[in-house]
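Taking it in order: structure first as structure tokens, then the write-up.
The values are calculated or read from the model by the stated rules, or taken from the named source; none is laboratory data. Everything quoted here is computed from the prediction, not taken from an experiment. Note that each Cβ is placed from the backbone with ideal geometry, even for glycine, and that neighbours are counted across all protein chains shown. Accessible surface areas use protein heavy atoms only, side chains included; no ligands, DNA or RNA. Shrake-Rupley method; radii C 1.70, N 1.55, O 1.52, S 1.80 Å.
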Amino acid sequence: MSTTDREPQQTLDVLDDAGRKVLFTEARTANAFAARAVADDELAMIWELARWSPSAANGQPLRVLFVRTHEGKERLGRHLDEGNRVKTLSAPAVAILAYDVDFHEQMPTVFPARGDMLRAAFADQNEKREGIAAYNSALQTGVFLLAVRAAGLAAGPMAGFDRAGVDEEFFAGTSWRSHLVVNIGHPGADPWFPRLPRVPVEDAVAWA
């Protein structure tokens with residue numbers, strides 16, 4: 001029997017229509033949130049799902065600070081663009097997504113077969129680590145947003161903030177660097193902007 005005649009060893013499940021709607025086709029960016037609280041175990045569920053995201057060499061540079069208190073949101077609000085402050089103060093929870101420029105220190109844990117070698121190889125390559133961490137945390141961030149939706153919550157990601165200010169406010173003395181703020185909660189009154197068009201398939205997909 002040739003290799004091509006063999007039965008596949010594993011068949012993957014296909015996401016059903018309801019799951020596709022929750023994660024993709026009917027999912028929206030929320031701009032208003034209900035007063036209903038988001039529990040710690042709901043936030044823990046988000047991370048439990050998001051942590052399985054792919055990343056280069058399994059480096060996993062994404063880090064998350066969950067901001068839940070009014071004091072914490074006030075501290076964060078000082079560094080947000082004016083149009084984002086009200087939304088953040090009204091959100092039950094906020095995630096500051098960051099990347100760890102010293103992600104290589106975890107390599108022996110996350111890639112046991114080659115971890116010591118990778119940690120040593122990256123030790124003196126600060127600029128290269130920064131680029132790898134930024135790119136791979138962005139990849140992980142997409143999965144994080146899907147995880148918020150999968151947990152039955154709405155996400156409001158925002159890039160409009162002073163990164164240096166947020167880093168000084170929350171991550172001073174650490175190797176974490178902020179790159180996105182995500183409001184999290186249950187949708188409030190009139191939470192969605194009108195659905196905007198997608199790029200036409202013929203302009204976005206090619207075949208070879």
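What the table below lists for this structure:
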| item | result |
| --- | --- |
| Failed criterion for F144 (all others in (1) open to solvent by 20 Å² or more (accessible area, probe 1.4 Å); (2) within 22 Å of M45 (Cβ to Cβ) hold) | (1) |
| Candidate set: region 48-60, residues that are open to solvent by 20 Å² or more (accessible area, probe 1.4 Å) and in a helix (DSSP H, G or I); chosen: the one farthest from A154 (Cα to Cα) | A57 |
| Failed condition for M45, given (1) open to solvent by less than 80 Å² (accessible area, probe 1.4 Å); (2) within 21 Å of G142 (Cβ to Cβ); (3) part of a helix (DSSP H, G or I) | (1) |
| Among the residues listed as Y99, Y135, the single one being part of a helix (DSSP H, G or I) and aromatic (F, W, Y) | Y135 |
| Test: A56 is touching a residue at least 60 places away in the same chain (Cβ under 8 Å), of a type in the set (A, V, I, L, M) and either touching a strand residue (DSSP E or B) at 6+ places or on another chain (Cβ under 7 Å) or closer than 20 Å to R163 by Cβ (or both) | no |
| Some residue of region 14-28 being at pLDDT 95 or above and over 30 Å from D190 (Cβ atoms) | yes |
| Residue pairs meeting the criteria (Cβ under 7 Å; at least 6 apart or on separate chains; first touching a residue at least 12 places away in the same chain (Cβ under 8 Å), in region 76-90; second charged (D, E, K, R) and open to solvent by 60 Å² or more (accessible area, probe 1.4 Å)) | G77/R85; H79/D162 |
| A204 being of a type outside the set (S, T, N, Q), surrounded by fewer than 18 Cβ atoms within 10 Å (Cβ to Cβ) and on the phi < 0 side of the Ramachandran plot | yes |
| Subset of region 76-95 that is assigned to a helix (DSSP H, G or I) and charged (D, E, K, R) - its residue that is least open to solvent (accessible area, probe 1.4 Å) | K87 |
| Any chance R63 is open to solvent by 30 Å² or more (accessible area, probe 1.4 Å), touching a strand residue (DSSP E or B) at 6+ places or on another chain (Cβ under 6 Å) and touching a residue at least 60 places away in the same chain (Cβ under 8 Å) | yes |
| Hits in region 102-127 - residues which are in contact (Cβ under 8 Å) with a residue 40 or more places away in the chain, open to solvent by less than 90 Å² (accessible area, probe 1.4 Å) and in a loop (DSSP other than H, G, I, E, B) | D102, F111 |
| From A155, A151, A133, A98, residue being closer than 20 Å to V22 by Cα, hydrophobic (A, V, I, L, M, F, W, C), open to solvent by less than 30 Å² (accessible area, probe 1.4 Å) and touching a Phe, Trp or Tyr at 6+ places or on another chain (Cβ under 9 Å) | A155 |
